[in-house]
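The values are calculated or read from the model by the stated rules, or taken from the named source; none is laboratory data. Bear in mind that the values here come from a model prediction, so they are computed numbers and not experimental data.
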Amino acid sequence: METEEEVVLTTCSSKPKYGYSRLRQVFTNELETILVEYLHRAADIYYGLSPVDVRKLAFQFATKMNLKMPTTWIEKSLAGPDWFSSFLKRHRAIVSAERGTLVTVVCAVSAFGNTIPPFFVFPSEFPKAGPRSAPKNNGRRKRTSAVLTDTPVKSVIEAEKAAVITKAARKVFPPEKSSKSDKTQATKKG
């Protein structure tokens, strides 16, 4: 049998509990399930609600259902932040569905002021491609890109580019082979 000191020590050493216990919880499990389904439906049509919006929705839902709620809810016309954090802890699927989804908005304006309508880039539902093999360069040397400004490198790059173009032109339009008679005619004219 426990002594009085042991009973006092065990009751005092327990951690205080905060938030809504089952006795003080505003919504039943069934009503919270309805609220969770509504939030999932809103997220499915890309109408995400902010934490304040969810707290307002919870207050409105509790009011419509004539539930007993804390006086702070009535004074502020929204559920408390402690209710919201407890709600998220009870329903972790809401948090995981909302986080981790990257949606990009792209807007473009030209220098003349022409615009295209903004568009969204949603994550792909297709599996990602595996590792790609290195591109084949067919024996050509790999080139690095460079900014062509007035630098000493610019003339070198332009000379290399001109050499590549003339080499390609020689392949397409090979020089005509001259015969001996052509050479003698050219020397006689000159």
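Considering only residues that are at pLDDT 90 or above, of a type in the set (F, W, Y) and farther than 15 Å from L35 by Cα, which ones fall in the range 46-74?
W73
Give me the helices (runs of 4 or more DSSP H) completely within the range 23-83, filtered to those with at least 1 residues that are under 33 Å from the mean Cα position of the chain (by Cα), ordered by residue number.
Correct list: 29-44, 51-64.
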